[in-house]
Each structure stands twice: as C-alpha cells, then as structure tokens.
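The values are calculated or read from the model by the stated rules, or taken from the named source; none is laboratory data. A quick note: this is a predicted structure, and the numbers were derived from the prediction, not measured. Here the Cβ positions follow ideal geometry from the backbone for every residue, glycine too, while neighbour counts run over all protein chains shown. When the accessible area is computed, the model is the full protein with side chains, heavy atoms only, and any ligands, DNA or RNA have been set aside. Shrake-Rupley method; radii C 1.70, N 1.55, O 1.52, S 1.80 Å.
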Amino acid sequence: MIKAIVTGAGGRMGGRIISLLETAYGITLAGAVERPGHEAAGRDVGEIWPVPKRGVIVTENLKSCIDRGEVIIDFTAPEASLDHLKIAVDHNRALVIGTTGFSPEEIEKMKGLAGRTRCLFSPNMSIGVNVLFKAVEMVSGMIGGDYDVEILEIHHNLKKDAPSGTALKLGEIAAKAAGRDLAGTAVLSRQGLIGARRKEEIGIQTLRAGDVVGEHLVMFASSGERLELIHRAHSRDNFAQGAIRAAKWLVGQVNGLYDMSDVLGLKGHGEG
C-alpha cells in the first residue's frame, strides 16, 4: 500500500484528494500538512473533511511527517511547493505538484531540483485536459500556421492567477506545434484601436465568474470555418483523481521531472 502525504490539506483541492483517498485502490492517506496558523492545523483530518478519524493530524511542517509517506501530493502556492520539493529531495520522496501560478524563474528552480528525486508537475491533473493538450498539439501541427489560434479560459471568482496555467500550457503547445514562440506572439488582452489581428498572434483571454470549476476553449479559425476544442470540468474530483493516479505511478519511477502525459503514455519521458 502506497502511503501519501497531502499538503494544502485544508484547501478545496486538498480536501477532495483526502476524501477520494478513502476509496482509492493501492494508496492511502498517511500525513497532512497546512501552512502555520491555518485553522486546520493540529486537527484530525476527520474533523475538517467527511472522512473517518484515523489519527492523521494536520501538521504545520512537511518535515514533521515526511517519514510517514512515500509520495507527497501538493496543491499549495509556488513558494510553498518549492520548499516542499527541497524537503522531498532531502528525504528521497516522490512529489506530485498541482500548484499553479509559478513564475518562469520558479519553474527553472523546480527543474533544477526535480532531477534529484521523482517529481511530477502539471498545470492540470485532469485526464481529459491532458488529452486536450495532445489534441491541440496534433491540430496545431496540421493547421495552426494557417489558422488564427485563440484560447479562452473561465474559472471561479476566487482564482488568483490569470491566465490559468492550463491556458498558458495550451498556448505553449499550440505555438510550438505551429513553429512559433509563445513569448513573442501571445496576446493576453485587447482594448481600444488595436488594428487588425496579426496572423501569428495566439490570443489567451480570461474570464472569472461565480463558481466555475474550469473551462478551456481552443479555437482554430479561418475564412469560412472554425474548429473548437473544449474541455469543461464539472467538479474538482477529476483533478483530484488525476493527482492520485499520478502519485501511484510516480513512486515507481526513476529520478526526473515528469508530467501527466508521461502518466498517460502520451509521450516518452521528458521534462514537462
């Protein structure tokens, strides 16, 4: 039985992961972590989420429970995730990172550390979204150079980063497959007299409203037709289930940085 530690245990994603671990095959909850001062700290997970009390107390430091688990599932914040990765490296533990909002510099730090342990990082743990990544790569490789590419993402009104990590990943995939550089072609907002759209642009637009779990649309448009690829998340369970699947897979791998396409067999091993 694989033993997992969940960081961000008092958050929405942490709660769903803890709940689904109750019925997951081959993996169980062994530890839980929250930031210092969080209301969940010091309490049994069964007191904060609808799961039986099993003596798993939410701690304020990953180091205090690292020896209880083989793999860490992390949905926190970029700085916290990097700290957790350092601890995972020091203790030879596998780490699944579902945190979003990393800066390019933080991504480079992650890459530098990840080779010293088993680390899986993905901006979206959903199996459906990762199939969408592959579909966008295929479509953009075939027609992305001739069609306008636009991406729209919608999330709940509490999401802090924009555009979503998933939308940026979709833009990177579409740009690379079409022979472009996203940094030089991405358009994240439009206002005023901006002139005609440049052919090489990849638009990434953001909406925030209500309790939308997550929706991403990738449009390839030309004169007379458009092709739309859409993924809609109806609950956070698909992200949590993907993270659990990733954790089970990651424990048996060699040191390196992986992503969900490795878990799903959509590509060979490489950096995510």
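Keeping every protein chain present and rolling a 1.4 Å probe, give me the accessible area per residue for the chain in Å².
Computed with neighbouring chains in place, this is 47 Å² per residue.
Across the range 39-51, computed HN-Hα scalar couplings (Karplus, 6.51 cos²θ - 1.76 cosθ + 1.60, θ = phi - 60°) run 5, 7, 4, x, 10, 5, 4, x, 8, 10, 10, x, 10 Hz from first to last residue, x flagging Gly and Pro. Taking a straight line from the alpha carbon of Lys63, these aspartates and glutamates sit under 13 Å away, with near neighbours fewer than eight places off in the same chain left out: Glu34, Asp83, Asp90.
Using just its DSSP H runs of length 4 or more, each adding -39500 (n - 2.57), the chain gives a mean residue ellipticity at 222 nm of -9500 deg cm²/dmol after division by all residues. The structure-derived value of Cα extents along the principal axes in Å appears in the list (1) 62, 39, 32; (2) 58, 43, 38; (3) 47, 45, 40 under the label (1). Charged side chains reduced to their Cβ positions (Lys and Arg at +1, Asp and Glu at -1) give the range 32-98 a dipole of some 160 debye around its Cα centre.
Using only Cα atoms, tell me the angle between helix 104-114 and the longest principal axis of the chain; keep it within 0 to 90° and round to the nearest 10. With rounding to tens, the tilt is 50 degrees. Note the angle between two axes, namely the Cα long axis of helix 78-90 and the longest principal axis of the Cα atoms of the chain, as a number of degrees from 0 to 90, rounded to the nearest 10. It works out to around 50 degrees.
Only lysines eight or more places from Lys176 in sequence, or on another chain, were considered; those with a Cα closer than 18 Å are Lys134, Lys199, Lys267. Test of understanding: extend the Cα→C-beta vector of Arg35 to 7 Å, then name every residue of the range 96-140 with backbone N under 15 Å from that spot. The answer is 99-102, whose backbone nitrogens lie closer than 15 Å to the label point.
When a 1.4 Å probe is rolled over the protein heavy atoms, the share of accessible surface on the chain that falls to carbon and sulfur comes to 51 percent.
In the chain, the longest principal axis of the Cα atoms and the axis of helix 237-250 are about 70 degrees apart. Each Cα pair under 8 Å and six or more residues apart adds its sequence gap; the mean of these over the residue count of the range 157-272 is a relative contact order of 17 percent. Working note: Karplus 6.51/-1.76/1.60 with θ = phi - 60° gives the range 64-76 the couplings 6, 10, 4, 6, 7, x, 9, 9, 10, 10, 10, 10, 10 Hz, where Gly and Pro are set to x. In percent, rounded to a whole number, the relative contact order of the chain is 20, using alpha-carbon pairs under 8 Å and six or more apart.
Annotation: aspartates and glutamates with alpha-carbon distance below 15 angstrom to Lys53 (same-chain offsets under eight excluded): Glu22, Asp44.
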